[in-house]
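Asker: First the structure, then my questions, so here it is.
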Amino acid sequence: MRNLMQQPFRTAVLVLVWGWLLFLVLAPNLLVVGASVMTRSPGTFISLPLTLDAYRQLFDPLYLEVFLHSLYMAAVTTTVCLLIGYPFAWSLSKVGKQRQVLLIFLLIVPFWTNSLVRTYALKLILATNGLLNSALMSLGWIDEPVQMLYTEGAVVIGLVYLLLPFMILPLYSVFEDLREDLLRASHDLGAGRFSTFIHVIVPMTLPGVLAGIMLVLLPAMGLFFVPDILGGSRNLLVGNVIKNQFLDARNWPFGAAASIMLTLAMAFLMFAHRLSKRRIGEDGV
Amino acid sequence: MASDSDLSCTGLVRRFSGHAAVDHVSLNVPAGTFFSILGPSGCGKTTLLRMLAGFDKPDQGDIYIRGQRMNDVPPNRRPVNMVFQHLALFPTMSVGDNIGYGLKRQKVPLAERRKRIAEVLEQVGLPGLEGRNPQQLSGGQRQRVALARCLVLKPTLLLLDEPLGALDLKLREQMKVELKHLQKAFGTTFVYITHDQSEAMVMSDQVAVMKDGRFDQVAPPEALYREPATPFVAGFVGDNNRISGDLVAVQGELAEIRLDDGSLVRGRIASDDLETGGRVDLFIRPESLVLAGDALNSGYSGMDACIRSTLFDGANSRVEAEGAGNNTLYARLPQDGSAPRFNENATVRLAWDPALARVFGARI
Ligand SMILES: Nc1ncnc2c1ncn2[C@@H]1O[C@H](COP(=O)(O)OP(=O)(O)O)[C@@H](O)[C@H]1O
Ligand SMILES: [Mg+2]
């Protein structure tokens, strides 16, 4: 009886999930892969013959430089997020339950505002005659406005601001699972604070660190509107390149190839994340 | 300070917001002893153990291990190791690495480390399991790994916080015996805390019964059972019947008690604060109650009781009876064929040797 009642519901859910995956995930990605191996065509965007030219173009020094600079900014963003997020998540897991709920709520509140709007708000703060410069000048710490907007730093600040919660949340969840008893056991067995951190806390939180990196590093390379608003013409992300190829330069195969590179990088990170979850003895005994 | 004592504490106090979770506890544990602290949940056992391990500091009192004052020594410098309630094995490490963790912190070289890990695994009956993940092991095996992780460091003192609590009944029975054997084999001093009196009784050389942060009595299990020093110990350790009445007379060692229906019973005086006319409790064990017909041993005390039910439980079978003055009594039914069959509501006489009964002043 129970089975009969459940069966249609189960089927409906399965169809929905698989349908979703097929039409909204797999199909678009296949289209992108398809586009990436075709030839650029002014009229129809893409045409035959099949070619790997787009991938070759990725290694053009000009673009390679953009990629590397983009990767560099994303890496700095991720590092800053990790440096802020790790201690933040750690202390978050230590405060009382009620305050924890409040703090996580505050962490999520900004998501209710469109990130584009929030980036413009940041622009108001960082602008030459913006809030930050005015504040610093009225405090007497600086005499002249400092150029903050349209710098690499502004892009990184914008990225960190938008992506920090994605670092904190997975870290918070691993710190929540880190039982106080494990730290006591380590201490009890003769380890000091530093040893305990290196040998117990880091391995236990590594899956969270990698999840956080995955959620920050790749999106950081894609958030094209941040450099658009805060970065000026020199601090481009891969996301800007992709956007330009599709919307401005009309070079779909190249844009598709670039986005596939990003997907592959993501897949690689996920693979590393899985490996880290497999628990391996350090002495190999 | 006795020099052969591994652990000795004087007047330990630990308060949480004014309430003393551990209240003037003093104890002395000779080397090689299996020492248990037995008490109901919330009586302060874990708080006491945490102070011994160094995770918490006493507000008052001193802790000495082999004569060395330990109050200000951090946990990683104390010659003490602890088996945690939930074991706290490191899930990111293999069994071998878990056991080698402490050795590595002591900078024992790898070859020596491997040798000692293999040895201790052999001793706890898990030879060759170094490479396993703790998650792959059964509950009993994990237990042994947690023990081995401590014992490999040869601590002066091993602290155990209800480590058998998570095991199912059958395995717990088995581990009880095994823990005792391991303690004897290693010769390490164990301080074991539990709320399960059977664990404490089976394994220990000495048991401290704890109540509301204080020790009521410290004694070997048998003495605790036969000569409980307080009504709490009498009621908490082993099954006991409690019979309430008024003290009417004292004859040497024995007290004569009038029950609420006017009948008289006798028992041995166990505390010195008794006053004639005062309210008292008499404790008598189910196995000390004799189900007597008319043939009654002359020196025995007893009362008439009405059978309520027979509770068959193998060797532990009992009858439940309602005695004089509304006292519910349990009497053991011998399973050697000698016990008669009882009908419900039959009246029997329950008798006992007054020397086996213990009389305390009633605490209201
Ligand atoms: N860190 C703490 N803060 C406040 N109260 C505590 C703390 N630890 C224990 N207590 C209190 O001390 C008493 C004894 O607790 P505990 O030692 O854990 O008992 P047991 O281990 O015997 O069950 C309890 O009433 C408990 O609520
Ligand atoms: Mg406890």
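The values are calculated or read from the model by the stated rules, or taken from the named source; none is laboratory data. What you see is a predicted model, and the numbers here were worked out from it, not measured in a lab. In this analysis, Cβ positions are derived from the backbone assuming ideal geometry, glycine residues included, and neighbour counts consider all displayed protein chains.
Asker: Just one of (1) closer than 30 Å to B:Asn98 by Cα; (2) part of a helix (DSSP H, G or I) trips up A:Leu124, so point out which.
Answerer: It is condition (1) that A:Leu124 fails.
Asker: Right, next: Taking the condition touching a Pro at 6+ places or on another chain (Cβ under 9 Å), within 14 Å of chain B (Cβ to nearest Cβ) and among the acidic types (Asp, Glu), does A:Asp188 pass?
Answerer: Against the criterion (touching a Pro at 6+ places or on another chain (Cβ under 9 Å), within 14 Å of chain B (Cβ to nearest Cβ) and among the acidic types (Asp, Glu)), A:Asp188 qualifies.
Asker: Does B:Gly325 count as on the phi > 0 side of the Ramachandran plot and surrounded by 16 or more Cβ atoms within 10 Å (Cβ to Cβ)?
Answerer: It is true that B:Gly325 is on the phi > 0 side of the Ramachandran plot and surrounded by 16 or more Cβ atoms within 10 Å (Cβ to Cβ).
Asker: May I ask you to list pairs of residues, at least six apart or on different chains, whose Cβ atoms are under 7 Å apart, with the first in region A:195-218 being away from chain B (no Cβ under 14 Å) and touching a residue at least 12 places away in the same chain (Cβ under 8 Å) and the second being among the β-branched types (Val, Ile, Thr) and buried (at least 21 other Cβ atoms within 10 Å of the Cβ)?
Answerer: A:Ile213/A:Thr78; A:Val216/A:Thr77; A:Val216/A:Thr78; A:Leu217/A:Thr78
Asker: Quick one: what pairs do we get from region B:180-196, first residue not assigned by the TED database to the domain that holds B:Ala53 and within 16 Å of ligand 2 (Cβ to nearest atom), second basic (Lys, Arg) and modelled with pLDDT of 95 or more, C-beta under 7 Å, 6+ apart or different chains?
Answerer: Pairs that qualify, where the first residue is not assigned by the TED database to the domain that holds B:Ala53 and within 16 Å of ligand 2 (Cβ to nearest atom) and the partner is basic (Lys, Arg) and modelled with pLDDT of 95 or more: there are none.
Asker: Identify the single condition in (1) of a type outside the set (Asp, Glu); (2) within 23 Å of the chain's Cα centre (by Cα); (3) in a loop (DSSP other than H, G, I, E, B) that A:Thr51 does not satisfy, given that it satisfies every other one.
Answerer: Just one mismatch for A:Thr51, condition (2).
Asker: So for region B:68-82 (the condition being in the same structural domain as B:Cys150 (by the TED database), within 16 Å of ligand 1 (Cβ to nearest atom) and within 24 Å of B:Gln141 (Cα to Cα)), does at least one residue qualify?
Answerer: Within region B:68-82, one or more residues are in the same structural domain as B:Cys150 (by the TED database), within 16 Å of ligand 1 (Cβ to nearest atom) and within 24 Å of B:Gln141 (Cα to Cα).
Asker: Right, another one. Search region B:201-217 for residues being more than 13 Å from ligand 1 (Cβ to nearest atom) and under 10 Å from the mean Cα position of the chain (by Cα), and hand back the single one that is surrounded by the most Cβ atoms within 10 Å (Cβ to Cβ).
Answerer: Of everything passing the filter in region B:201-217, B:Val207 is surrounded by the most Cβ atoms within 10 Å (Cβ to Cβ).
Asker: Considering each residue of region B:129-155, count those that are surrounded by fewer than 17 Cβ atoms within 10 Å (Cβ to Cβ), assigned to a loop (DSSP other than H, G, I, E, B) and away from chain A (no Cβ under 13 Å), and give that number.
Answerer: Matching residues across region B:129-155 total 1.
Asker: Identify all residues within region A:134-161 that are touching a Gly at 6+ places or on another chain (Cβ under 9 Å) and at pLDDT 90 or above; write none if there are none.
Answerer: Residues satisfying the conditions are A:Ala154, A:Val155, A:Gly158.
Asker: OK, next. Of the residues B:Phe16, B:Phe35, B:Phe55, which single one is within 16 Å of ligand 1 (Cβ to nearest atom), under 21 Å from B:Gln183 (Cα atoms), in the same structural domain as B:Thr194 (by the TED database) and out of contact with any Cys (no Cβ under 8 Å at 6 or more places or on another chain)?
Answerer: The conditions single out B:Phe35.
Asker: Filter region B:185-196 for residues that are part of a loop (DSSP other than H, G, I, E, B) and within 16 Å of ligand 1 (Cβ to nearest atom) and give the result.
Answerer: B:His195, B:Asp196
Asker: Does any residue in region B:18-31 that is over 15 Å from B:Thr46 (Cα atoms) come within less than 8 Å, Cβ to Cβ, of a residue that is assigned to a loop (DSSP other than H, G, I, E, B) and away from ligand 1 (no atom under 15 Å from the Cβ) six or more places away or on a different chain, and which pairs are these?
Answerer: Hits for this filter: B:Asn28/B:Ala2; B:Pro30/B:Ala2; B:Pro30/B:Asp4; B:Ala31/B:Asp4.
Asker: Step by step: first the residues of region B:160-184, then only those that are within 16 Å of ligand 1 (Cβ to nearest atom) and within 15 Å of the chain's Cα centre (by Cα), then the one that is nearest to the other protein chains (Cβ to nearest Cβ). Which residue is that?
Answerer: Filtering region B:160-184 for residues that are within 16 Å of ligand 1 (Cβ to nearest atom) and within 15 Å of the chain's Cα centre (by Cα), the one nearest to the other protein chains (Cβ to nearest Cβ) comes out as B:Asp161.
Asker: If the requirement is being modelled with pLDDT under 95, in contact with a strand residue (DSSP E or B) (Cβ under 7 Å, 6 or more places away or on another chain) and either farther than 30 Å from B:Asp59 by Cα or within 14 Å of chain A (Cβ to nearest Cβ) (or both), which of these qualifies: B:Ala234, B:Ala200, B:Ala229?
Answerer: B:Ala234
Asker: Restricting attention to helices (runs of 4 or more DSSP H) lying wholly within region B:9-128, give those where 1 or more residues are more than 16 Å from ligand 2 (Cβ to nearest atom) and away from chain A (no Cβ under 14 Å).
Answerer: Once the helices (runs of 4 or more DSSP H) in region B:9-128 are filtered for at least 1 residues that are more than 16 Å from ligand 2 (Cβ to nearest atom) and away from chain A (no Cβ under 14 Å), what remains is B:110-123.
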